[in-house]
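Only the coordinates and a few stated rules stand behind these numbers; no lab work does. All values derive from a computational prediction rather than experimental measurement. Neighbour counts run over all protein chains shown; Cβ positions are idealised from the backbone, glycine included.
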Amino acid sequence: MNIIVFSLMGLGILFAVIRMIVGPKLSDRVVSLDTVNMIVIGVIAVLATVLKNAMYLDVALIYAVLAFLETIVFARYLEGKKDGNS
C-alpha cells in the first residue's frame, strides 16, 4: 500500500515539475512550485506515519511555514513586476 501512495505522490511531483519547466507564464511556475511544496509536505507526513516517528511531523510543519513564506515572496515579486516597479 505504501508503494502505491509514494508512487502517486512521485507522479504528482513529476507533473508539477513538468509544469514548472514548461509553464508559459511565471505565475504558472509559481503555482507549480507551490504544488510541489505541498506534495513534499504530504510525503513527509506519510513518511512520519510509516516510520512511526512524530519528529517528521515537526519537520513537515516547519517546511510548510517556509513554503508559505516562499509563496508570499514570489507573489510580492510578481505583483511588483506587474506594476512595472521591477
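Structure summary
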{"quantity": "Segments 38-44, 66-72 sorted - mean Cβ within 10 Å per residue, highest first", "calculated": "38-44, 66-72"}
{"quantity": "Between 0 and 90°, nearest 10: helix 2-22 axis offset from the chain longest Cα axis", "calculated": "10"}
{"quantity": "Linear extension gain, Phe6 paired with Leu51, 0.36 nm per residue minus alpha-carbon span", "calculated": "14.8 nm"}
{"quantity": "Linear extension gain, Val17 paired with Glu79, 0.36 nm per residue minus alpha-carbon span", "calculated": "20.0 nm"}
{"quantity": "Selection from Ile18, Leu61, Val46 lying farthest towards where the dipole of the chain points positive, charges on Cβ", "calculated": "Ile18"}
{"quantity": "Sequence of Ser32, Ser27 once ranked by neighbouring C-beta atoms within 10 Å, starting from the fewest", "calculated": "Ser27, Ser32"}
{"quantity": "Degrees, to the nearest 10: 26-51 long Cα axis against longest axis of the chain", "calculated": "10"}
{"quantity": "Within the chain: Cβ-based charge dipole about Cα centre, in debye rounded to nearest 20 (Lys, Arg +1; Asp, Glu -1)", "calculated": "160"}
